[in-house]
Structure formats: C-alpha cells, structure tokens
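Have a look at the structure below, then the notes.
The values are calculated or read from the model by the stated rules, or taken from the named source; none is laboratory data. Bear in mind that the values here come from a model prediction, so they are computed numbers and not experimental data. Virtual Cβ from ideal backbone geometry, glycine too; neighbours counted across all protein chains shown.
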Amino acid sequence: MWGVMSPGGLGIDYFIAHPAFRTYALCAAILGLKMLFSAIYTGTQRQRHQGYINAEDARTFGQSGARAASEESPAVAHALRIQRNDLENIPLFFAIGLVYVLAGASPIGALAYCWTFTLARIAHTIAYTWNLQPWRAIFYGIGTLAILGMIVHIVIAVL
C-alpha cells in the first residue's frame, strides 16, 4: 500500500511530499520513457530496413523470404548506438540523482540538476538521431556536468 509506513521506516508519502524527490521522480520517469522510445526506434529501424540478425526475427517480422544478416544494417546499428549510449548514461542518473536527493538536495538544486540532465539527454538523442555534431557532444557534456555537480554535492554532504 502506498500510504502505509512500515515500523521504523518511511512510506512513499514521505518522499512524495518533498519537492526535490518529486523533481527527481518526474525526471526519472521521463528518462525511462525516453529509453523505451529509443528501443521502439531501434525496432522501427530494424523493420524498415529489414535488418534482422536473428533468423527467428527475420521469419516472424520480415517480409516474405527475409533472411537474417551477419551484420547489423547501418540504420539499425545507429539506433543501437543511441540505445547503448542511454544505457551508459541514464542509469548513472538514476543512482546519483537518487543519492543526491536523499542526501538533502534543495528543491532548486534538484530542479537545476535533474532537469538539466533530462533535457540534455533528450536533446542528445535528437542530435544523435539526426547526426548533428557538435550538438550531440555539447548536449552530452551538459548532461555530464549535471551529474558531476550532483556528485560534488553528495561528497560535500557526506563529509
């Protein structure tokens, strides 16, 4: 039950009441959706370019006579790189952002860091999808700076 607190513990209502946690939770949910959309984009590219590596996928989802390839098509490989980049960066936000909030982040600090990271990751994906350099690198750097800022605040809070 959402509103029930365990003996000696805190219920979800305690966290939801804090603006910093609400900001983190909303950004985490948006980033989770962003990761799901990246996976859907990969599947769409695989379907559009008939880029199947697994024989069972080619048989099930491919056009008549489709065969599995030994290498990913360029469009599918590009989509997979977007997904891999998410998997290398967004889980770090999930962990660091949560510790940052639990370590006593101010509501304004959480707004600044969490939204900066979230918007930078969305912009990074758009730039990656459309092959827009140096924008992709710039948005990556902005997201990285947001994570580093949270890390600095965590270290200061626990020392």
### Query
Residues in region 91-105 that are part of a helix (DSSP H, G or I) and surrounded by 20 or more Cβ atoms within 10 Å (Cβ to Cβ): how many?
5
### Message
Regarding region 134-144, can at least one residue be identified that is farther than 20 Å from P19 by Cβ, in a helix (DSSP H, G or I) and more than 21 Å from the chain's Cα centre (by Cα)?
### Response
no
### Sole residue being free of Cβ contacts under 8 Å to residues at least 60 places away in the same chain, closer than 19 Å to A20 by Cα and out of contact with any strand residue (DSSP E or B) (no Cβ under 8 Å at 6 or more places or on another chain), chosen from L98, L87, L119
L119
### Task
Having 2 or more residues that are under 30 Å from S106 (Cα atoms) and at pLDDT 90 or above is the bar; report the helices (runs of 4 or more DSSP H) wholly within region 1-90 that clear it.
19-48
### Query
Counting only residues that are over 18 Å from T125 (Cβ atoms) and either at pLDDT below 95 or among the hydrophobic types (A, V, I, L, M, F, W, C) (or both), how many does region 136-159 have?
10
### Message
I'm checking my understanding of the structure. Among residues of region 40-68 that are exposed (fewer than 15 other Cβ atoms within 10 Å of the Cβ) and aliphatic (A, V, I, L, M), which one is farthest from I126 (Cα to Cα)?
### Response
A55
### Query
Only one of A123, A77 is crowded, with 18+ Cβ neighbours inside 10 Å, within 21 Å of Q45 (Cα to Cα) and of a type in the set (A, V, I, L, M, F, W, C); which?
A123
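Yes or no, residue by residue, for (1) among the aliphatic types (A, V, I, L, M); (2) in contact with a strand residue (DSSP E or B) (Cβ under 8 Å, 6 or more places away or on another chain); (3) closer than 22 Å to Y24 by Cα; (4) without any contact (Cβ under 8 Å) to a residue 24 or more places away in the chain:
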residue	(1), (2), (3), (4)
T60	no, no, no, yes
A69	yes, no, no, yes
R81	no, no, no, no
T125	no, no, yes, no
A137	yes, no, no, yes
### Query
Inside region 136-153, can you point out the residues that are among the small types (G, A, S) and farther than 10 Å from L92 by Cβ?
A137, G141, A146, G149
